[in-house]
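First comes the structure, then the notes that go with it.
Please treat every number below as a calculation from the coordinates, not as lab data. Note that the structure is a prediction, hence the values are computed from the model and not measured. So basically every Cβ, Gly included, is an ideal-geometry build from the backbone, and we count neighbours across all protein chains shown.
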């Protein structure tokens, strides 16, 4: 059972709260040590904080209660002092509000070997795990939460540290409530209903039987959250939400004679617990960002407090990005183009925020990118619900009836995949932990929702050519002069032996009918079918074909490094087949850009310029763009009608974002490090070798790696391999 308010309170304890923690620790220990007598005082206590008296009055166990962050020197100093003042002491129980865990293992060994003292550390988690094990402990936990957590969870203080991209403080409470109600959106209930119930709860935060709000006041507050929406519609949806929530044992209580409302006591307490859990998750995000920033600035590396302060600013920048992504999704649903966000674009966003960061905007973007590339489960879940909350908030400000809008959004059908979307699937096969296979999980969730996935012959040809290029890289050894192939890089950076790479590729394709092998492999492992579009593309209007062809010809050739005209033409023809073929396949589907049942999924940034390009070339008769990004697909799966087809596991394993990833233009030095590390640990267990390789690469990746245009890099590799031999 979790106790977020208690956990939050423990994390907020400072030196001035010393007496509160002493009382808490004594209450937790008294069941185990009935004769415990508190002897500590801030001015001095002979080096111990409590003492267990035995029948013979010869104490063998001492206690120390401490809230200090610098626990390591504190413990060492205490043990040394006790050797003088209480030489018979053989056990020290160190109770602390800090989170220590296994970090004290070396001190335990040191205390026993040097002083013959058994060190028993009871840290924050020890208290949290035992908060409900007795009435006495539960009461003490609640008392601490009331004294420390509740004042900080009051609305006027809470809004200072949450949803900082929103300037309006009342809107921050609304955003928080939308995030807290994320679990409600996993049910079959309509999003409009759950969203307005969240907004009503936000409007009633801080109310009680003694401090109620009238219907008009509640409606006014909710309208202030959504200034651009139709006020009459918002008032009606607010009243409807209130009527649903004032049922018996509901979260809202009503005084019928005055038509006044307040949160029930139970709901108010639950709100505090949920808000505390939100802040704890936010702290976890900041800890991850601090780790992501480590190594980017020497001063920050040497000063933990400065690093954590920097992490708070990085979290604010990250939330600004999530707000931008949420608003962009809403714009895309309403027919506008999808933006993509690279690390360079994130750097520009950070610079525009003008935060007092020590890191440069490029380094800040790198730190955020490090976290987004591999967030912990807790960080990922928190950021996902924050992103969804920002998205819903943006929806509600434009269209209060979100359900009506989202019900018209893509709710099944077919998605054709670009080569840029297939190769990451192959690379993710090298990741041991299935939950970390972001792209694989995203497409798996799409299939579970009823979407069919397809590729054309052209894409299969490009994949086969890329794999052959990867094998050629090994055979050419030091003679290779162009970029290192993506799949080969992924294989080597996973820590595996280069000599096993051909066998790994052989699992995907053989030598007799390699394209058929790739087709069957994609179908077996990923449920992707071959479905050509050439007959549709060939029959399309020549003006449309020419416009699409020209966009790819203009924007795609810069990084090809001398590929032949024939290979260039084949690549363009593959792209044209996908784009034009999907457009033609849509004929007969709903005219609204919200409801098309056929799309083209790609990571190619230039594809997202297609809408404006077609409008410029073809005018008002231009068809809607069929391009879909992985981020857009993930948001649709989480918020759209397809979410009803998915289980909780499918939703939680989807990636937070795919657009902001550092697909590195891998330098040869990194491959050299991988090989050298394998040589160094030759003879060790294979898993140990792979771990050592990954650790060595992580230490070297930041200074050596650089962001690259992933789609252009792949195209250049494939174009090279498609040249006539």
> In square nanometres, what is one fourth of the surface area of the convex hull spanned by the alpha carbons of region 445-516?
Replying inline: 6.5 nm²
>> Could you tell me the relative contact order of region 4-151? Use alpha-carbon pairs under 8 Å, at least six residues apart, and round to a whole percent.
In response: 28 percent
> For residue 436 and residue 23, what does the FRET efficiency come to when R0 = 41 Å and r is the distance between their Cβ atoms, rounded to the nearest 0.05?
Replying inline: 0.40
> In whole Å and largest first, what semi-axes does the C-alpha gyration tensor of region 4-151 yield when each eigenvalue is scaled by 5 and square-rooted?
Replying inline: 25, 17, 14
> So if R0 is 30 Å, what FRET efficiency would residue 168 and residue 617 give, r being the distance between their Cβ atoms, rounded to the nearest 0.05?
Replying inline: 0.10
> Which whole number in µm²/s is D for region 191-265 by Stokes-Einstein, with the Kirkwood Rh taken over Cα pairs at 10 °C and 1.306 mPa s?
Replying inline: 131 µm²/s
> Per the Kirkwood treatment, what hydrodynamic radius in Å, one decimal, follows for region 219-308 from the mean inverse distance over all distinct Cα pairs?
Replying inline: 17.0 Å
> For region 277-398, what's the relative contact order in percent, using C-alpha pairs closer than 8 Å and at least 6 residues apart?
Replying inline: 39 percent
>> Show me the ranking of peptides 97-108, 271-282, 235-246 by mean Cβ neighbours inside 10 Å, starting with the highest.
In response: 271-282, 235-246, 97-108
> What is the packing order of peptides 216-229, 602-615, taking the mean over residues of other C-beta atoms within 10 Å and listing the highest first?
Replying inline: 602-615, 216-229
> Mind checking the log10 I(q)/I(0) for region 109-227 at q = 0.11, 0.15, 0.17 Å⁻¹? Debye, one equal scatterer per Cα, no solvent, two decimals.
Replying inline: -0.59, -0.88, -1.01
> Based on the Kirkwood radius over alpha-carbon pairs, what is the Stokes-Einstein translational diffusion coefficient of region 410-632 at 4 °C with 1.567 mPa s viscosity, in µm²/s?
Replying inline: 70 µm²/s
